[in-house]
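Participant: One structure follows; several queries about it will come next.
The values are calculated or read from the model by the stated rules, or taken from the named source; none is laboratory data. Since this is a predicted model, take the numbers as computed values, not measurements. Methodologically, a virtual Cβ is constructed for each residue, glycine included, from the backbone with ideal geometry; neighbour enumeration extends over all protein chains shown.
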Amino acid sequence: MDLTDRLSAEIRSRRESLIALTQDLIRIPTLNPPGLHYREICDYLSDRLSAQGFVTALVRAEGAPGDSEAHPRWNLVARREGAAPGDCVHFNSHHDVVEVGHGWTRDPFGGALEDDGQNGGRIYGRGACDMKGGLAASIIAAEAFLAVCPAFRGAIEISATADEESGGFGGVAYLAQQGWFDPDRVQHVIIPEPLHKDRICLGHRGVWWAEVETKGRIAHGSMPFLGDSAIRHMGAVLEEVEHSLYPLLATKRTAMPVVPEGARQSTLNINSIHGGEAEPEPGYTGLPAPCVADRCRIILDRRFLIEEDIAEVKAEVTGLLDGLKVRRAGFDYDIRDLFEVQPVMTDREAPVVRSTAAAIERVLGRVADYVVSPGTYDQKHIDRIGRLKNCIAYGPGLLHLAHQPDEWVGVQDMEDSALVMALVLADLLAA
Ligand SMILES: [Zn+2]
């Protein structure tokens, strides 16, 4: 038997274990917000990995956004040293899941296994594909690799981290700040997000969130000429955005292989708009007061390309607002940065990319697809804070099922991607 066959046999022999592990992880409802059962899932994984010879560290992101005594942000990092010095391959999964939402026909935390006539069955539950299935696959990959190649060089790390769904500040960002992703201790990172077993995700577009507020002057609604409506000023902003900014963004195309195709250009979403007096509490039966709005706010969500500079992205918006200030009587505004992330894209020639591409071809008999995510994930922190460029997302599951009701992951997909991950370990940590 060659190495692929031996690893494949080890993974197949662990099918029951892979299913049970995935189900156990789903049954710990690590909902974020607010951040429930983080310690429980870290303890569970720590026990599992310690039994395989991993040295485990429980790290609380003390003082990080969201961390509190009621909802501590716990992370687990497990490391297994090889027989000789060499590179470290790190699998990073977030252990948090998003709210359940409506529309489920199964228990979201039941982890039910159902036969679908193919694919080895499906496991259902919140977090099944995003990304407890990927986490389970990486653990099985490591266990199979250790059984076949006990005398490997270097080290394997597996982490389960908090808060990816809310920015990762109590998770990967915190660990990166503490040096856990420094290039002198970790050389290759795979994030088993549900990008599908034949796709390598090289990175993501950039993000800029900003709040724009237009100013007005309050007056009685029956005499609006005595005031100045911030809502009308915001209307002028939106008209400018519609007539000049959106057409400009549509002309900005990227060479990044972003999927879906519609995200291969600059995009802008207006996440919310609030103007005038606050909306009444639900159940309040009175009428609103007649007032001219003295303030109106929108939240902009601008996604930008690796070819764009963030200063330019911001200048497009401030330029538009400054133009209105010149042309429109009484117009004044404030703008506030809320959040920004630089785009990242790992080179196709990076070792972890080449190794994963070769393994995909070997296991699936087809050439890997290279993709870039329209939204961000924890790679941003590994890249920027950890300064580690050799990082991809690769894992089982279908991205469009993430955050949906009746989320599931296919058992065969998990096995296939576990074999890909095990082959990557064999390639990068060969004795
Ligand atoms: Zn995810």
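Participant: Name the strands (runs of 3 or more DSSP E) wholly inside segment 345-431 in which the number of residues that are within 26 Å of L175 (Cα to Cα) is 1 or more.
Facilitator: 369-373, 391-393
Participant: Still on this structure, I have one more. Of the residues D67, D116, which single one is away from the ligand (no atom under 16 Å from the Cβ), within 23 Å of R12 (Cα to Cα), among the acidic types (D, E) and in the same structural domain as N390 (by TED's automatic domain parsing)?
Facilitator: None of the other options fit; the residue is D116.
Participant: Okay, moving on. Using the structure shown, decide if A136 is touching a residue at least 60 places away in the same chain (Cβ under 8 Å) and within 16 Å of the ligand (Cβ to nearest atom). Don't jump to the end; show me each part of the working.
Facilitator: Working: touching a residue at least 60 places away in the same chain (Cβ under 8 Å): yes; within 16 Å of the ligand (Cβ to nearest atom): yes.
Criteria met by A136.
Participant: Looking at segment 70-78, can you tell me whether even one residue there is in a strand (DSSP E or B) and within 16 Å of the ligand (Cβ to nearest atom)? Please lay out each step first, then the result.
Facilitator: Our first condition is that a residue be in a strand (DSSP E or B); within segment 70-78, this holds for 74-78.
Among the residues that remain, those that are also within 16 Å of the ligand (Cβ to nearest atom) are: 75.
Yes.
Participant: Got a sec? Which of A128, A151 is assigned by TED's automatic domain parsing to the domain that holds N92, farther than 16 Å from R384 by Cα and buried (at least 24 other Cβ atoms within 10 Å of the Cβ)? Can you show your working first?
Facilitator: Numbers: A151 fails: buried (at least 24 other Cβ atoms within 10 Å of the Cβ).
So the residue among A128, A151 that is assigned by TED's automatic domain parsing to the domain that holds N92, farther than 16 Å from R384 by Cα and buried (at least 24 other Cβ atoms within 10 Å of the Cβ) is A128.
Participant: Only residues in segment 372-386 that are away from the ligand (no atom under 16 Å from the Cβ) count as the first member; pair them with residues that are of a type in the set (F, W, Y), Cβ under 9 angstrom, at least 6 apart or cross-chain, and list the lot.
Facilitator: Pairs found: I385/F181; G386/W180; G386/F181.
Participant: Tell me, which residue of segment 81-96 that is part of a strand (DSSP E or B) and touching a helix residue (DSSP H, G or I) at 6+ places or on another chain (Cβ under 7 Å) is farthest from E143 (Cα to Cα)?
Facilitator: The selected residue is H94.
Participant: Let me ask you something else. Scanning segment 351-398 for residues that are within 14 Å of the chain's Cα centre (by Cα) and among the charged types (D, E, K, R), which turns out surrounded by the most Cβ atoms within 10 Å (Cβ to Cβ)?
Facilitator: D378
Participant: Before we move on, is V55 closer than 18 Å to A160 by Cα and surrounded by 19 or more Cβ atoms within 10 Å (Cβ to Cβ)?
Facilitator: No: the conditions fail for V55.
Participant: Helices (runs of 4 or more DSSP H) wholly in segment 171-290 with at least 1 residues that are of a type outside the set (V, I, T) and within 16 Å of the ligand (Cβ to nearest atom) - which ones?
Facilitator: The qualifying helices (runs of 4 or more DSSP H) are 172-177.
Participant: Can you tell me which condition D130 does not meet? The list is (1) within 14 Å of the ligand (Cβ to nearest atom); (2) of a type outside the set (F, W, Y); (3) not in a helix (DSSP H, G or I), and all the others hold.
Facilitator: (3)
Participant: How about segment 58-72: which of its residues are of a type in the set (D, E) and surrounded by 19 or more Cβ atoms within 10 Å (Cβ to Cβ)?
Facilitator: The one that is of a type in the set (D, E) and surrounded by 19 or more Cβ atoms within 10 Å (Cβ to Cβ): D67.
Participant: Between a residue in segment 140-165 that is modelled with pLDDT under 95 and any residue that is of a type in the set (A, V, I, L, M), which pairs come within a Cβ distance under 9 Å, given they are 6 or more apart or on different chains?
Facilitator: What qualifies is E165/V97; E165/V98.
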